[in-house]
Amino acid sequence: MKHRVVIVAKGIVATGIVTIGIVTIVVALGLASASAQAQEKKTVLNLETAKKMAAACEAKSKAEGWKMNIAIVDAGGNMKYFLRQDDAFLGSVKIAQLKANTSSSFPFSTKQIGEITKVVPGIAYVPGIVTFEGGLPIKTGGGEHIGAIGVSSGTAKQDNICAQAGLDAVKDDLK
């Protein structure tokens, strides 16, 4: 649909025919920029924090004589940092990653997910969901879920202890 438009800018008057499509585009761009300004800000897990977590977990596992695979992912489940200690089980590489992904997908430990499956058993059949210890969510002091750590190669309890050592090391950094 065409309309006659009068434009006044700096004392110059111009008239012409303009289509509704151009006006629609201009309005849409204005709305898009307004909504972009309204986006909320989110804390992002940085590489320095991920490395610090892995180092603390590695130190704990060395002190205990364990050999671990340590996976740290961001809130979207994207790998941020991975550490495989010498002689850690190769099969546990994937398990550590799955534990981290499970706890990045839900704001719960993998142990808690296992407890939830007792009430909602279907969750245990979702591909990639881990229901035993070793995966912990990473949260800021304000409770914002920004990622997860997954550890595997020891017993489930050892994996969880190691993951918790990683979280404890960055507790003050996440405030």
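For segment 113-168, a residue qualifies if it is crowded, with 18+ Cβ neighbours inside 10 Å and at positive phi, and the qualifying residues are Gly134, Gly147, Ser153. In segment 45-74, which residues are closer than 22 Å to Leu98 by Cβ and among the basic types (Lys, Arg)? Lys51, Lys60, Lys67 - these are the residues of segment 45-74 that are closer than 22 Å to Leu98 by Cβ and among the basic types (Lys, Arg).
Restricting attention to segment 93-111, which residues are of a type in the set (Gly, Ala, Ser) and buried (at least 21 other Cβ atoms within 10 Å of the Cβ)? Result: Ala96, Ala100, Ser103, Ser104, Ser109.
Every number here is computed from the coordinates shown, using simple stated rules; none is lab data. Note that the structure is a prediction, hence the values are computed from the model and not measured. All Cβ positions, even for glycine, are placed from backbone atoms using ideal geometry, and neighbour counts span all protein chains on display.
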